[in-house]
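The values are calculated or read from the model by the stated rules, or taken from the named source; none is laboratory data. The model shown is predicted, which means the values in this text are computed figures rather than measured ones. Positions of Cβ are backbone-derived with ideal geometry, glycine not excepted, and every protein chain shown enters the neighbour counts.
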């Protein structure tokens, strides 16, 4: 099959029901697109005790430098209530200029367009003067343990080195050309447990209600603000996402109260300095005797989530300028450079090479009736093709 048509590429990929952790045929379909172009392809299955096996793909065209990586994922989130979809989520139907299907924008569409872009480049100019690789995981929407992290490690152990990476996540809020992601905030999560003494609600002096303390402690986590933001990042922000006592009775004072929280942080902080600040806030608040009317300071413990995401910012002029120029040439728009939003697998790739993100408009990702404008697929392919040409002309390695 030819891979020059992004619409056909995307329809093929959407028709593979690759809901995390299932491969669903998506890696096989991508292999069929890339093999005729001369790519060498490895299918890498990653394993971890207690976790599902994940199939990943690494493909490379060329053996010399400079080396450009395109990264992404073929796994998708569940469809939810399939009856709520106006078109079957894995049919890839086209209606009124829109292509419907789970993964249309997040992010099989980006993979389809980059595949078409490199296929067109090869057809018009031959292989690039250097190397292009695809690093594609099936575990981005899942726990991300057997995905990009392990595929990067596997490739690096084989001697693979990269000079730059483009991640095809949907970065544009309204229209193609709005935004390039040049970094991401860090992410740190934790679970706070306050310990009290269970008792009868009518005899509070014999008990110790942890709810009183957890309300004050969570307020201390959220206020005052951690910072006012920096030149490249929004202010750090902590959100309490759950508070629970696990108590179904109305006349029982609970023994414990728990709260989960997540903070998205800028380059004012590291995960380690944030942990220290959070513990200091909790200690000061827990020691407030007025809160507990003569009792000892509130007793709490905290469990931090493994693998916090670290903040990063890309400052590679050749990469950013090549992509910005390609976007402006194709769309007439000058893209904004942003670090907003959540995390992506770019947080792992940044340890190996400079990385930016640019893909489709993300308004319908993870929604019922996820869809992409057919015209946007052609536009993004043209942007990617122009970017490939410019990056290899400008790469300083």
| request: Could you list, in sequence order, all residues of the stretch 73-89 that are touching a strand residue (DSSP E or B) at 6+ places or on another chain (Cβ under 6 Å) and either on the phi > 0 side of the Ramachandran plot or free of Cβ contacts under 8 Å to residues at least 60 places away in the same chain (or both)? | output: 78
| said: Checking the conditions here, which among 374, 355, 330 is touching a strand residue (DSSP E or B) at 6+ places or on another chain (Cβ under 6 Å), within 22 Å of residue 173 (Cβ to Cβ), surrounded by 19 or more Cβ atoms within 10 Å (Cβ to Cβ) and at pLDDT 95 or above? | reply: 355
| remark: Of the listed residues (2, 45, 28), the one being in a loop (DSSP other than H, G, I, E, B) and surrounded by fewer than 21 Cβ atoms within 10 Å (Cβ to Cβ) is 2
| message | Test of understanding: among 314, 258, which residue is closer than 18 Å to residue 387 by Cβ, modelled with pLDDT of 95 or more and either more than 20 Å from the chain's Cα centre (by Cα) or crowded, with 20+ Cβ neighbours inside 10 Å (or both)? | response | 314
| the stretch 78-100, residues that are under 19 Å from the mean Cα position of the chain (by Cα) and surrounded by fewer than 17 Cβ atoms within 10 Å (Cβ to Cβ) | 78
| message | Are there strands (runs of 3 or more DSSP E) fully within the stretch 173-246 with at least 3 residues that are buried (at least 17 other Cβ atoms within 10 Å of the Cβ) and over 28 Å from the mean Cα position of the chain (by Cα)? List them. | response | none
| So residue 151, is it over 20 Å from residue 23 (Cα atoms) and crowded, with 23+ Cβ neighbours inside 10 Å | no
| request: Could you tell me whether the stretch 264-277 includes any residue that is in contact with a strand residue (DSSP E or B) (Cβ under 8 Å, 6 or more places away or on another chain) and surrounded by fewer than 15 Cβ atoms within 10 Å (Cβ to Cβ)? | output: no
| query | Within the group 33, 69, which residue is crowded, with 18+ Cβ neighbours inside 10 Å, touching a strand residue (DSSP E or B) at 6+ places or on another chain (Cβ under 7 Å) and in the same structural domain as residue 374 (by TED's automatic domain parsing)? | reply | 69
| residue 264 vs. criteria over 20 Å from residue 347 (Cα atoms), assigned by TED's automatic domain parsing to the domain that holds residue 205, touching a residue at least 60 places away in the same chain (Cβ under 8 Å) and not in a loop (DSSP other than H, G, I, E, B) | no
| field | Among the residues listed as 336, 341, the single one being at positive phi and in the same structural domain as residue 81 (by TED's automatic domain parsing) | value | 341
| note | For residue 379, the lone unmet condition from (1) within 13 Å of residue 109 (Cα to Cα); (2) surrounded by 24 or more Cβ atoms within 10 Å (Cβ to Cβ) is (2)
| Just a yes or no: is a residue in the stretch 132-139 surrounded by fewer than 22 Cβ atoms within 10 Å (Cβ to Cβ), over 19 Å from residue 52 (Cα atoms) and free of Cβ contacts under 8 Å to residues at least 12 places away in the same chain? | no
| said: Please verify whether residue 385 is over 27 Å from residue 237 (Cα atoms), in the same structural domain as residue 155 (by TED's automatic domain parsing), in contact (Cβ under 8 Å) with a residue 60 or more places away in the chain and surrounded by 16 or more Cβ atoms within 10 Å (Cβ to Cβ), treating the condition exactly as stated. | reply: yes
| Which of the residues spanning the stretch 48-66 are in contact with a strand residue (DSSP E or B) (Cβ under 8 Å, 6 or more places away or on another chain) and either part of a helix (DSSP H, G or I) or surrounded by fewer than 17 Cβ atoms within 10 Å (Cβ to Cβ) (or both)? | 53, 63, 64, 65
| field | Enumeration of residues in the stretch 78-110 that are under 13 Å from residue 377 (Cβ atoms) and in a helix (DSSP H, G or I) | value | 108, 109, 110
| task | Among what's in the stretch 111-166 and is within 14 Å of the chain's Cα centre (by Cα) and assigned to a helix (DSSP H, G or I), pick the residue that is nearest to residue 77 (Cα to Cα). | result | 148
| query | Would you say residue 21 is under 25 Å from the mean Cα position of the chain (by Cα), assigned to a loop (DSSP other than H, G, I, E, B) and closer than 27 Å to residue 356 by Cα? | reply | yes
| task | Provide a single number: the residues in the stretch 67-77 that are assigned to a loop (DSSP other than H, G, I, E, B) and touching a helix residue (DSSP H, G or I) at 6+ places or on another chain (Cβ under 7 Å). | result | 1
